[in-house]
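Read-outs: derived from the displayed coordinates by stated rules, not from any lab. Fair warning: this is a prediction, and the values are worked out from it, not measured in the lab. So basically every Cβ, Gly included, is an ideal-geometry build from the backbone, and we count neighbours across all protein chains shown.
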């Protein structure tokens, strides 16, 4: 979806309505709020609203509701926000199709609508803010190739892919494959589809290790299932931290709470974060831009926040790493 | 020779697959790989064993995957929140499985709801319960539990021995006990079974309880292998269990088939295909196409055999 034209139009509406005021009210509609990630997002949004708002001369007030994973309830909640006359609506959609009706309703009321993390599958919002899963893989793969070069190792890798119907999984495989083709330090021996099923992470990794005993590294499409990979490596006595001769080089995506202690322990070598802080920072930038009548300058897929590359050397000092702080 | 092919078509195809994958990837034929295949099969074998009993009745239980998730979610909360030992928590998971299986049995036997409809509803409810319990979080299990899930005795994984013992025990119960014969009678003709005074209601109820317990055990063993409880636990497992049972030759109409050979052959088929495709580095986008094609050929061979048998009768 092309967000830039829609964003410009909405910004113009805001300006016409005299919404260049210093105070703006943001209606935030959560689909659910049960996870540490969601708590982190909200806290970062509020903190960034104060920081960026002060710099921009804008005071942001939040009106927040939660839909408990019910698309109908979310539609009703958003209707409430429209009725309350908020200046901007931000929503993390429970249902990519159902959110379209809410976007239309907001458009009809002249209120800019920003989808957050989950894109709308039907109606284009004013802007979309989310993570850049392609860049996540690109930066991980590049950092990993640099690491292999520094260590003087020829990386012979197993790629554990996510569900091939998931755009994030496709983007991550694409990013890894591009770097694999460009860098002689790494090569992919086998691609293993896991359908995001931890059991297939384990059995697929075990099968790949048996078929390719020369493998010495892996790219893992998400480290939510890192313990499953650990099981497979323990089976062949290759679960060991960096510095140990048995160490198996691991490049992962997301750096979720379960993976943080493993990176701190030297088992995971490189990861790019699914970065709640960067998502929130970008969202507030977009909201302020819209409130000022400016074009947030989103790309064709939206304003995608890039993750940060983390290694065992930097994990202790990296700031605002939600997976370390929020449990 | 033709009769031999018809009688043993399905196992022959399976053997042919093993040879093919072995030629394409010599490591496929090693002992380590054989043990790995059996190890990966454990959760589905346990779940499908319970499913087999229900299918023998001529009924279905499509809540088994959700029961596995719900049971293990409860266990993970007891470990994480209440400091229970993994062993005690796993036992509690089996208790949850029994309770949820009993609920299914009540709905089917007492309320007389169609089993497919009943367990479709409970599948959704049980998964929702589990998501509430875990807040949809990934719950990492203690190392002791992951070590148990991957514990070996010599070259053999302990859970393979456990799953084998369960499968054999249920098979013998089905083949050698009055309870098992009642299951077959109900599967062949439930009305006739009632008329001759067989305890139809109690037997159906008991089978749903057993299915629930084995569904929960499958969840425990699956989570122990991967070292975590995630929202993916048990997802789709009910449909895989039905497919295993059907591919293994147990009739969906009830009354026919062997629990042991049916579950073993069915589970081996799926796991050999997946492991083989991993070994040969098949294009990930072709997995489902190739897997579906192989299963079609195996089912066609089984159908030819069934037709030949009917012609002889």
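What FRET efficiency, computed as 1/(1 + (r/R0)^6) with R0 = 35 Å and r the Cβ-Cβ distance, is obtained for residue A:174 and residue B:175, rounded to the nearest 0.05? The calculated FRET efficiency here is 0.10. Counting only other chain Cβ atoms within 10 Å of each residue's Cβ, the peptide A:131-141 averages 0. Considering only A:51, A:92, A:285, the Gaussian network model of chain A with Cα springs below 10 Å gives its largest mean-square fluctuation to A:51.
Compared with the dominant Cα axis of chain A, that is its longest principal axis, helix A:3-16 is turned about 30°.
Suppose we look only past 37 Å in the calculated P(r) of the protein assembly as shown. What percent of the Cα-Cα pairs does that tail hold? If you can, show how the numbers build up before the last one.
Values: 88861 of 204480 pairs.
In whole percent, the long-distance tail amounts to 43.
Output the antiparallel fraction of DSSP beta bridges having both residues in the protein assembly as shown, as a percent to the nearest 5.
Numbers: 7 of 47 bridges.
Bridges in the protein assembly as shown that DSSP calls antiparallel: roughly 15 percent.
Compute the helix-to-body angle for A:36-56: its Cα long axis versus the longest principal axis of chain A, expressed 0 to 90° and rounded to tens. Approximately 50 degrees, to the nearest ten. Of interest is the spacing of the C-alpha centroids, which for segment A:274-311 and segment A:40-55 amounts to 12 Å.
Show me A:205-211, B:204-210 ranked by packing, highest mean number of other Cβ atoms within 10 Å first. Let's see the in-between values first.
On the way: A:205-211: 25.4, B:204-210: 22.9.
Descending mean neighbour count gives A:205-211, B:204-210.
When both segment A:165-202 and segment B:204-235 are represented by their alpha-carbon centers, they are found 29 Å apart.
With the cut-off at 22 Å, report for segment B:135-232 the share of all Cα pairs above it, as a whole percent. Write out the running numbers ahead of the final one.
Details: 2300 of 4753 pairs.
Cα-Cα pairs of segment B:135-232 separated by over 22 Å account for 48 percent.
Peptide A:188-198 has a mean of 6 when you count, residue by residue, the C-beta atoms of other protein chains within 10 Å of its C-beta. Using only Cα positions of segment B:180-224, each an equal point scatterer, no hydration layer, compute I(q)/I(0) via Debye at q = 0.18, 0.33 Å⁻¹ and quote the log10 values to two decimals. At q = 0.18, 0.33 Å⁻¹ the computed log10 ratios are -0.57, -1.08. Straightening the chain between residue B:27 and residue B:165 buys 46.9 nm, computed as 0.36 nm per residue apart minus the Cα-Cα spacing. Averaged over residues, the count of other Cβ atoms within 10 Å places the peptides A:274-281, B:189-196 in the sequence A:274-281, B:189-196, highest first. DSSP beta bridges confined to chain A are antiparallel in about 5 percent of cases. Listed peptides B:265-274, B:219-228, B:114-123 appear in the order B:219-228, B:265-274, B:114-123 once ranked by packing, highest mean of other Cβ atoms within 10 Å at the front. Shielding by partners for peptide B:222-235, expressed as the average number of C-beta atoms from other protein chains within 10 Å of each residue's C-beta, is 6. Taking one quarter of the surface of the C-alpha convex hull of segment B:41-280 gives a mean projected area of 12.9 nm².
What does the helix-only formula give at 222 nm for chain A: each DSSP H stretch with n ≥ 4 adding -39500 (n - 2.57), the total divided by the residues, and the result rounded to the nearest 500 deg cm²/dmol? Before the final figure, lay out each step's value.
On the way: 11 runs with 143 residues, N = 327.
Calculated mean residue ellipticity at 222 nm is -14000 deg cm²/dmol.
Using a Gaussian network model of chain A in which every pair of alpha carbons under 10 angstrom is joined by a spring, one finds that among A:127, A:54, A:106 the greatest mean-square fluctuation is at A:54. Size of segment A:133-273: Rg and Dmax of its alpha carbons, in Å, are 13.2, 37.
What percent do you get for the relative contact order of chain A when only Cα pairs under 8 Å and 6+ apart count?
Values: 694 pairs, mean separation 73.7, N = 327.
Relative contact order of chain A: 23 percent.
Treat chain A as a sphere of radius equal to its Kirkwood radius over Cα pairs and apply Stokes-Einstein at 10 °C in a medium of 1.306 mPa s; give the translational diffusion coefficient in µm²/s, rounded to a whole number. Don't jump to the answer; show the numbers that get you there.
Values: Rh = 20.8 Å.
After rounding, the answer is 76 µm²/s.
Take every pair of alpha-carbon atoms less than 8 Å apart whose residues are at least six positions apart; their mean separation over the length of chain B yields a relative contact order of 34 percent. Taking every DSSP helix (H) stretch of at least 4 residues in chain B, weighting each as -39,500 (n - 2.57) and dividing the sum by the residue count yields a mean residue ellipticity at 222 nm of -25000 deg cm²/dmol. Residues of segment A:274-310 with an amide N closer than 20 Å to a point placed 7 Å from the Cα of residue A:153 along the Cα-to-Cβ direction: A:309-310.
A simple spin-label model places the labels of residue B:153 and residue B:196 4.0 nm from each other, with each point 7 Å out along Cα-to-Cβ.
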